[in-house]
Each structure stands twice: as structure tokens, then as C-alpha cells.
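One structure below.
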Amino acid sequence: MTLPARAAALRLVCLHPGAARGALLRTQDLPISPLISCQLLVQGQDGWGVTYTSTQICAFKGSTVNIHCTYRYPPRRYLVVQERFWFIKQSNGVYVDLTTDPEYSRRVKYNCENNRCTLTITNLRESDSAVYKFRFTTNQHDGKFTGEPGVTVSVSGKNVVLEYPTLAELTCHSSCQVPDQTSYVWYKNGQEVKGEKNKYFYTYSPEDNYRCSVIMCEFTPLFSLNPPKLPSVSVSPSGQIVEGSSVTLTCSSEANPAATCTWYKENQQLPHEQNGIYHFTSISSEDIGYYHCKCGNNVGQINSSLFIDVQYPPKLPSVSVSPSGQIVEGSSVTLTCSSDANPAAKYTWYKTNGNLELQPLSKESLTFSSIQSSDSGDYHCTAENELGNNTSKSISIDVTCE
């Protein structure tokens, strides 16, 4: 599949070693960057697949190359990816992980996350020219997949071929295909001479020795298609959230094209006026819970979540008597008080006649192990936390003699 025209636009960035900052750089002193012919390959079926961002890479000996891919698999329940690796060798169903191949010892590294995996090979050798494939396996017997046809890497020596025509015109060639705007540096008898094109005009003697080198540049795509990165989520104001206050949830993600971000509570989408922003004008205890933000573009989507905890004063306490029914002198009786509050409330029981504080405890219940007729009367409780307090309705206790 061919990338959109804008995705192929490139920018050249060249620096000169030892020169003042901002001067042009001749790359014979730099690690040589690979030249990449960008294509997208998407293959697979039934939800399995591997996408390589490049299928043909030409690079110079001694340079470093990065090979990128993304992979996908069906959203089966309990399906877990267990192994991800790159290989060039396989026999009788056995695939040799490059990190275990002695020919690549200390020269390869994987960077795999979020269904993406990058193979980095440093200090390239001409013997590294091969077809590199990505493979992943899961915890299910049939859950194995290899990305075909892979990425073909061609490694060329940095030396170039000189052609001596009858006129004093030298031509510089490279076995790697280079862009039209590539610059060159020329040397006569080991000394650098002026010239930045692949052809050099000069009067020379047969005993003169000429060579040339490619000035490699870093190629930076002006446009690239990227799925959203893990969204950054935040709550404003930060810290304790009190019922009735104004609260804003914000979500953003780096992506190209730009991602659309939407907030959800459980599976219900929340309305929003701005991308990635949801506002509570007066938050309540009913808003406590988990929220997740989904960011997506036409390349992919990803979620990030947070928990909202709202603090509030005690609601109207409810009271009860156990056992219910007739209360007989000498029996065990428990009065229970409960209130919805965050943080949890502390409770105090009062006997209304006489306004006596009976048991100022951080417990919901007041227990009479052997109730007496003198305990008859009206009782109520208060519930209190750092945000406020509330008082229950009275409950009447009538103790009868046996």
C-alpha cells in the first residue's frame, strides 16, 4: 500500500563536526543513517496481522538501522501475547530469535509496547543483508503469527566507485539508492577538496588519488501517521474534591492526525463542549466512580482511566432498634445509627428527655446489655465528619416489666 503523497515529504538536517553550531556537517564522521524507501505493508486475516512501515531498506556498513512494525490479533477473551521477536533464520518450525544469534551479539535491541515493535541493529555488517521478519505467539495453541514477506535490508560498504572519463570529470556512485538532493564530499590524495555533487571536474595527474563519500543526512518526515499515545488525564482542581464544587476532567493524547478524545463513566458517554474536556458545575456524591477517556483517530484508539472520589457531609441518619417489637426489662437491646458520609461519620447517641449524652463513640450502635424501665424514653443520634453533621429523627423506647 503506498503512503499518501504528503507522508512521503522529507526534510534534510545536516550538521558539520567541529564547525560552529548551525554549520553544515559532513557525515563521514557521523554514524551513517540508513536510506529508507517508505512503503506500508498490511497483511493478515481473521484479525491477525503485521504492518511494516518499510519493506526495503538500504543502509551503509557501520551505520544503525531501525525496523518498525505494528501487529494485531483478534480480541479473544483470555488471549495474551507471550513472546515477540525478530528473526531471519528458521528450520522445521523453529525460529531463531535475533537476540540469541551469536552473529548479532550486543548489536540488536527490541523496543516493543502497545502492539508496536522496533528492531534496532547497530554497527551494520554487509553480512547483515537479509530479510527480517517479526513473529509473536500467544497463550493459545493456534495463536501464533509471522509477518510476511518481511523487510529486506541491503547493507553496502561506505566506499564508492570512481569512474574516470577522458575529461577531468569524476562520478561518484553508491550501491544504495540515494535521494536526488544528497550531497557528496571529494578527497584528493587524502585532502578534502571543494565539491558537493556526485560529479567533480578537475585537472589531475595519473598519480593523483581521488575518492568520494556520501554526506549522509538525517531524514525527518514532515508528515507521518501515528495512532494516539496513552492519553494524559487530569482533574482540576487537584486534591480533595468536595460535593457542590466545580470540577473539570481533561484528557489529551499525541497523535497524527489529531485524536478525538471523549470521556465515559462506565459505558456511558459524557457530553462535552471541547475535545477531551468534561465539566461538573456542581459535583455530587452520585458522581463518585471510575471514568475513562478514549482517544482515537483513523489509525487507532487507546483508553486511560481515573477514579473520582467526592467528599460530603453526613446525610440524614437512619435509626433502628434490635430486637424489634416489645422490649422487656433485663433483655439486651441495641440501637443502631447509620449515615451516608465521606469521610465516614462518627456517631453520638442522646436521650431526649434530660438531653443527656449517653455514649459519644465512633460506632453506629448503642447497646443495653440489661435494659431497665428507667431507660425508657426518646433517643436520637448525630452523625459528624470534618465537612458537617446531621441529626436523626427520634426513636422511642418503652421498657415493660416482666
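The values are calculated or read from the model by the stated rules, or taken from the named source; none is laboratory data. Nothing here was measured: the structure is a model prediction, and the numbers come from that model. Glycine gets a Cβ as well: all are built from the backbone with ideal geometry, and neighbour counts include every protein chain shown. For accessibility, only protein heavy atoms count, side chains too; no ligands or nucleic acids. Shrake-Rupley method; radii C 1.70, N 1.55, O 1.52, S 1.80 Å.
A few points about this structure:
Per-residue answers, yes or no, for (1) of a type in the set (A, V, I, L, M); (2) assigned to a strand (DSSP E or B); (3) at pLDDT 85 or above:
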| position | (1), (2), (3) |
| --- | --- |
| Lys315 | no, no, yes |
| Ser320 | no, yes, yes |
| Cys337 | no, yes, yes |
| Thr348 | no, yes, yes |
| Asn353 | no, no, no |
| Thr367 | no, yes, yes |
| Ile371 | yes, no, yes |
| Asp378 | no, yes, yes |
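- Within region 101-143, strands (runs of 3 or more DSSP E) holding 1 or more residues that are touching a residue at least 40 places away in the same chain (Cβ under 8 Å) and open to solvent by 20 Å² or more (accessible area, probe 1.4 Å): 116-121, 130-138
- Residues of region 307-346 satisfying the condition of being over 24 Å from Ile283 (Cα atoms) and among the aliphatic types (A, V, I, L, M): Val319, Val321, Ile327, Val328, Val333, Leu335
- Tally of residues being out of contact with any Leu (no Cβ under 9 Å at 6 or more places or on another chain), more than 14 Å from Thr352 (Cβ to Cβ) and crowded, with 16+ Cβ neighbours inside 10 Å across region 373-400: 5
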